[in-house]
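Novice: Right, I'll just put the structure down here and ask away after.
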Amino acid sequence: MRLFGEIAAWATFAVVVGVLSVWPRYEMMDSGAAILTLTFSHAAQRVGECRTLTQEDLNELPPNMRRPSDCPRERNPVHIELRSSGSVIYQDLLTPSGVWSDGKVNIYKRIVIPAGPHELFIGMNDSGGDSGFDFETRARVDLQPGRNLVIRFDELSSGFVIR
Amino acid sequence: MIGRVHSIGRSFYELLRRPLARAFESKQNPLNQLGALTIFFCWIVLVSGIWLLIFFRTSVSAAFESVEYLTHEQWYLGGVMRSLHRYASDALIITILLHVIKEFIFNRYRLNRWFNWVTGIPLVWMIFALGITGYWLVWDQLAQYVAISTAELLDALPIFTDSMAGNFMSDELLSNRFFTLMAFIHLIGLPIFLVFGIWLHVFRLNGPRINPPRRLMAGALLCMLLLSVIYPAISHDKANLAMAPQALRFDWFYLHVYPLIQRWSPGWVWILLVGISVVLTIAPWAPPAKKTTVAVVDLDNCNGCKRCADDCPFGAIEMIPRTDGTNYTHQASVTDDLCISCGICVGACPTATPFRSKSALVPGIDLPNRSAASIRQDIVDQAETPSDDPRVMIFGCRDDRQTEIVRKAGGNVVTVRCMAHLQPSYLDFVLSRGHADGVMLLGCENGNCDYRLGADWTEARIARVRDPWLRKRTDTTKIAMGWLAPWANIANPVKRVGAFRDALRVTEGDT
């Protein structure tokens, strides 16, 4: 009789393990949605102009610290904006990393949007002025349900890549 | 307040304990072997993992195919091993959870047990990290989800200069090195720390139960094996970073917190996880438990035999060089912080014999608040209390609900801190001096002893396989051991006493 009890107990345990290891299913988003993943690192422009050091300036510096120009350490915050068919779906003002705000801006953002056609616009201002975006890209995309479209900034070509 | 929480927890625990107590013998009951069962599941995971490692290829492009090969081409062995690896990993989450709950609701995480409790918390983190990195390595859609979500979680910590989640932009840009790092963490790094962590978790215990009984191991292995054959673990489709994973068959044992990363934010998930860990870490001192009176060594009666040190469940006694100038080489020394006043050391001391008449009953080691002499006096007092024939002297554990039931039913009850607090010569004392016709020990069953080893040591001493053993002249048919779950309502100890009394009548009739 005890044996049956043991078998029943282990069978119940197996069912619990087997069921909870696969069920209930998890859906991270609606079946009719797609994802825009905005991800890149970018060093914004410095807050001021670099100054070329004169020979006198260089003479005053220790030999190991002599450099051709003196640049302000701090970098501008980065303003980023993403629009879909004219509507802003994401925007942020990102502070450069580092204690002295001299590092890169890192951005990683997943944005769930409805699948289907979209007129995308991505713009970035890294000069700190009010003169609009320093970099911008437009693209017409038709997103399938579940599509993960990555938007990144390519430093070599100084432009956004949408793929 | 905390006592109320424990009490409510015990009521729920009872719902699980009752059916299992009917299905399993006490020593085979999984609930009484949760720590050892967890380690056994770890063994299954390790052995099956070694087999998987032989065929696994640690690169982004080949990992999925190698797991598919194991699952489908080599289903009869590799597939079963994969499923065993998966299901044993899941099973040990259940045993860990029950282990933590049980230790908590039975108040076995405070006083000297804080160390075992606190060292268990990083073990849980490591187990989850192992499970998560394991899912990562399959590199199917679930792995993709786990990898990206984990990276998002880690990105919330201010320790990385670049975004880790940014590595998962496309299949072409994903680095093999990153994948190899995960494999290293899962296959070598974490297992090494886990083994060390388990050692640390139990090293302050005397005789930690590392392996469950064979029958229980066989049952657990068979259970996992049959589940693996009937419902083998399979992968999702291969990871594709251009598409977001949909409708995932989710392992809720390991991934239950992941949906919160999307629903809340990684930062809040960290606050939740760290918050739970902090609460668990400070639990042994919230509020501080009342310190019990510790065992005291009497050097005039201690000959340094070491039996108390051998039997102490928590390693609270060490043998140090003699300090009183006598010819004995060592003496017992009690570490106050580790002693929880269980009295097992007294039960192990050869000088704690109630037959001493020329000198006062002062053993080499004793509990000030429940001395060996007071137990002897209680026996004498109870013997004078009227009782049904044949007379049964009942020894019960302190604060035990079963003991209280018997006492209220009019039984001649003498309480001890733990059943192993009772030196076997007391049983001889009761029977040979005619204080009773039989002795019943109502102790806490194996695995449910507050002091871990009470049932083990008592059985071994009465079976005359562990020193100090029961005298040969003592008739063991007049001794009954009733191991019970101490908090349970269902086991009727009065009936057990009655049955033992009936058995004694039969024995006396025969003679």
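Novice: Does the stretch A:76-89 include one or more residues that are within 14 Å of chain B (Cβ to nearest Cβ) and without any contact (Cβ under 8 Å) to a residue 12 or more places away in the chain?
Specialist: no
Novice: What single numbered condition from (1) closer than 21 Å to B:Glu152 by Cβ; (2) of a type in the set (D, E, K, R); (3) not in a strand (DSSP E or B) fails to hold for A:Glu49?
Specialist: Unmet for A:Glu49, out of (1) closer than 21 Å to B:Glu152 by Cβ; (2) of a type in the set (D, E, K, R); (3) not in a strand (DSSP E or B): (1).
Novice: Could you please find all residues in the stretch B:1-34 being within 19 Å of B:Asp400 (Cα to Cα) and touching a Ser or Thr at 6+ places or on another chain (Cβ under 7 Å)?
Specialist: Listed by number, the list holds a single entry, B:Asn32.
Novice: Considering only the stretch A:143-152, I want to know if a residue exists there that is free of Cβ contacts under 8 Å to residues at least 40 places away in the same chain, among the hydrophobic types (A, V, I, L, M, F, W, C) and either under 28 Å from B:Ala244 (Cβ atoms) or not in a strand (DSSP E or B) (or both). Walk me through it before giving the result.
Specialist: Filtering the stretch A:143-152 for residues free of Cβ contacts under 8 Å to residues at least 40 places away in the same chain gives none.
Looking through the stretch A:143-152, none of the residues is free of Cβ contacts under 8 Å to residues at least 40 places away in the same chain, among the hydrophobic types (A, V, I, L, M, F, W, C) and either under 28 Å from B:Ala244 (Cβ atoms) or not in a strand (DSSP E or B) (or both).
Novice: Additional query: I need the full set of residues from the stretch A:1-22 which are facing another protein chain (nearest Cβ under 7 Å) and assigned to a loop (DSSP other than H, G, I, E, B), in order please.
Specialist: Within the stretch A:1-22, A:Ser21, A:Val22 meet the criteria.
Novice: Residue check: is B:Asn107 modelled with pLDDT under 95 and not hydrophobic (A, V, I, L, M, F, W, C)? Give the derivation first.
Specialist: Values: modelled with pLDDT under 95: yes; not hydrophobic (A, V, I, L, M, F, W, C): yes.
Considered against the rule, which asks whether it is modelled with pLDDT under 95 and not hydrophobic (A, V, I, L, M, F, W, C), B:Asn107 comes out as yes.
Novice: Now a separate question. Out of all the residues in the stretch B:452-462, which are in contact with a helix residue (DSSP H, G or I) (Cβ under 8 Å, 6 or more places away or on another chain) and outside any helix (DSSP H, G or I)?
Specialist: Listed by number, the list holds a single entry, B:Leu453.
Novice: Which of the residues belonging to the stretch A:102-117 are within 8 Å of another protein chain (Cβ to nearest Cβ), in contact with a strand residue (DSSP E or B) (Cβ under 6 Å, 6 or more places away or on another chain) and not in a strand (DSSP E or B)?
Specialist: Residue satisfying the conditions is A:Lys104 alone.
Novice: Do we have B:Ser170 as small (Gly, Ala, Ser), assigned to a helix (DSSP H, G or I) and over 30 Å from B:Ala23 (Cβ atoms) here?
Specialist: no
Novice: Confirm whether B:Gly454 is touching a Leu at 6+ places or on another chain (Cβ under 7 Å) and of a type in the set (Gly, Ala, Ser).
Specialist: Numbers: touching a Leu at 6+ places or on another chain (Cβ under 7 Å): no; of a type in the set (Gly, Ala, Ser): yes.
When the stated conditions are applied, B:Gly454 does not pass them.
Novice: Can you tell me which residue in the stretch B:203-229 is surrounded by the fewest Cβ atoms within 10 Å (Cβ to Cβ), limited to those that are facing chain A (nearest Cβ under 8 Å) and within 24 Å of B:Tyr69 (Cβ to Cβ)?
Specialist: Restricting attention to the stretch B:203-229, the residues satisfying the condition of being facing chain A (nearest Cβ under 8 Å) are B:219-220, B:222-224, B:226-227.
Narrowing the set further to residues that are within 24 Å of B:Tyr69 (Cβ to Cβ) leaves B:224, B:226-227.
Working: B:Met224: 27, B:Leu226: 14, B:Leu227: 26.
Looking at residues that are facing chain A (nearest Cβ under 8 Å) and within 24 Å of B:Tyr69 (Cβ to Cβ), I get B:Leu226.
Novice: Failed condition for B:Gly315, given (1) closer than 19 Å to B:Val416 by Cβ; (2) at pLDDT below 95, with all others met?
Specialist: Only one criterion is unmet by B:Gly315, namely (1).
Novice: A follow-up question, please. With the checklist (1) more than 14 Å from chain A (Cβ to nearest Cβ); (2) closer than 27 Å to B:Ser59 by Cβ; (3) among the hydrophobic types (A, V, I, L, M, F, W, C); (4) surrounded by fewer than 17 Cβ atoms within 10 Å (Cβ to Cβ) in hand, flag the one item B:Ala242 doesn't pass.
Specialist: (1)
Novice: For A:Thr137, all conditions in the list (1) surrounded by fewer than 20 Cβ atoms within 10 Å (Cβ to Cβ); (2) within 14 Å of chain B (Cβ to nearest Cβ); (3) in a strand (DSSP E or B) hold save one; what is the number of the exception?
Specialist: Result: A:Thr137 fails condition (2) only.
Novice: Criterion first (surrounded by 21 or more Cβ atoms within 10 Å (Cβ to Cβ) and assigned to a helix (DSSP H, G or I)) does B:Tyr76 satisfy it?
Specialist: Numbers: surrounded by 21 or more Cβ atoms within 10 Å (Cβ to Cβ): no; assigned to a helix (DSSP H, G or I): yes.
So B:Tyr76 does not fit the description; no.
Novice: Of the numbered conditions (1) over 29 Å from A:Thr12 (Cβ atoms); (2) within 13 Å of chain A (Cβ to nearest Cβ), B:Gly131 satisfies every one except a single condition; which is it?
Specialist: Exception for B:Gly131: condition (1).
Novice: Go through (1) assigned to a loop (DSSP other than H, G, I, E, B); (2) more than 19 Å from B:Thr38 (Cβ to Cβ); (3) away from every other protein chain (no Cβ under 11 Å) one by one and return the number of the condition B:Thr281 breaks.
Specialist: Going through the list (1) assigned to a loop (DSSP other than H, G, I, E, B); (2) more than 19 Å from B:Thr38 (Cβ to Cβ); (3) away from every other protein chain (no Cβ under 11 Å), B:Thr281 breaks only (1).
Novice: Which of (1) within 14 Å of chain B (Cβ to nearest Cβ); (2) within 30 Å of B:Phe250 (Cα to Cα); (3) surrounded by 12 or more Cβ atoms within 10 Å (Cβ to Cβ); (4) not basic (Lys, Arg) is the odd one out, the single condition A:Ser31 does not satisfy?
Specialist: Unmet condition: (3).
Novice: Of everything in the stretch A:34-53, what is over 17 Å from A:Val141 (Cβ atoms) and within 10 Å of chain B (Cβ to nearest Cβ)? Give them in sequence order. Working first, answer last.
Specialist: Residues of the stretch A:34-53 over 17 Å from A:Val141 (Cβ atoms): A:40-53.
Matches in the stretch A:34-53: A:Phe40, A:Ser41.
Novice: Let me ask something else about it. What number of residues within the stretch B:81-90 satisfy the criterion of being within 11 Å of chain A (Cβ to nearest Cβ) and under 15 Å from B:Ile132 (Cα atoms)?
Specialist: The first filter runs over the stretch B:81-90 and keeps only residues within 11 Å of chain A (Cβ to nearest Cβ), leaving B:83, B:86-90.
Keeping just the survivors that are under 15 Å from B:Ile132 (Cα atoms) gives B:86-90.
Selection size over the stretch B:81-90: 5.
Each row is one residue, and each column tells you yes or no for (1) in contact with a Lys or Arg (Cβ under 9 Å, 6 or more places away or on another chain); (2) at pLDDT 95 or above.
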position	(1), (2)
B:Glu14	no, no
B:Gln28	yes, no
B:Asn32	no, no
B:Val47	no, yes
B:Thr58	no, no
B:Ala63	yes, no
B:Val67	yes, yes
B:Gly78	no, yes
B:Arg82	no, yes
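Novice: A follow-up question, please. So is B:Gly447 surrounded by 20 or more Cβ atoms within 10 Å (Cβ to Cβ) and touching a strand residue (DSSP E or B) at 6+ places or on another chain (Cβ under 9 Å) or not? I'd like the intermediate steps shown before the answer.
Specialist: Values: surrounded by 20 or more Cβ atoms within 10 Å (Cβ to Cβ): yes; touching a strand residue (DSSP E or B) at 6+ places or on another chain (Cβ under 9 Å): no.
Answer is no for this residue.
Novice: Which of the residues that make up the stretch A:117-131 are surrounded by fewer than 17 Cβ atoms within 10 Å (Cβ to Cβ) and within 15 Å of A:Val161 (Cα to Cα)?
Specialist: Once the filter is applied, which keeps residues that are surrounded by fewer than 17 Cβ atoms within 10 Å (Cβ to Cβ) and within 15 Å of A:Val161 (Cα to Cα), the stretch A:117-131 yields only A:Glu119.
Novice: Something else: Give the residue, chosen from B:Gly35, B:Gly3, B:Gly78, that is away from chain A (no Cβ under 14 Å), over 20 Å from the mean Cα position of the chain (by Cα), closer than 21 Å to B:Asp90 by Cα and not aliphatic (A, V, I, L, M). Before the answer, list the steps.
Specialist: Numbers: B:Gly35 fails: over 20 Å from the mean Cα position of the chain (by Cα); B:Gly3 fails: closer than 21 Å to B:Asp90 by Cα.
Of the residues listed, the single one that is away from chain A (no Cβ under 14 Å), over 20 Å from the mean Cα position of the chain (by Cα), closer than 21 Å to B:Asp90 by Cα and not aliphatic (A, V, I, L, M) is B:Gly78.
The values are calculated or read from the model by the stated rules, or taken from the named source; none is laboratory data. Source: prediction; values computed, not measured. No Cβ is skipped: glycine too gets one built from the backbone with ideal geometry, and neighbour counts run over all protein chains shown.
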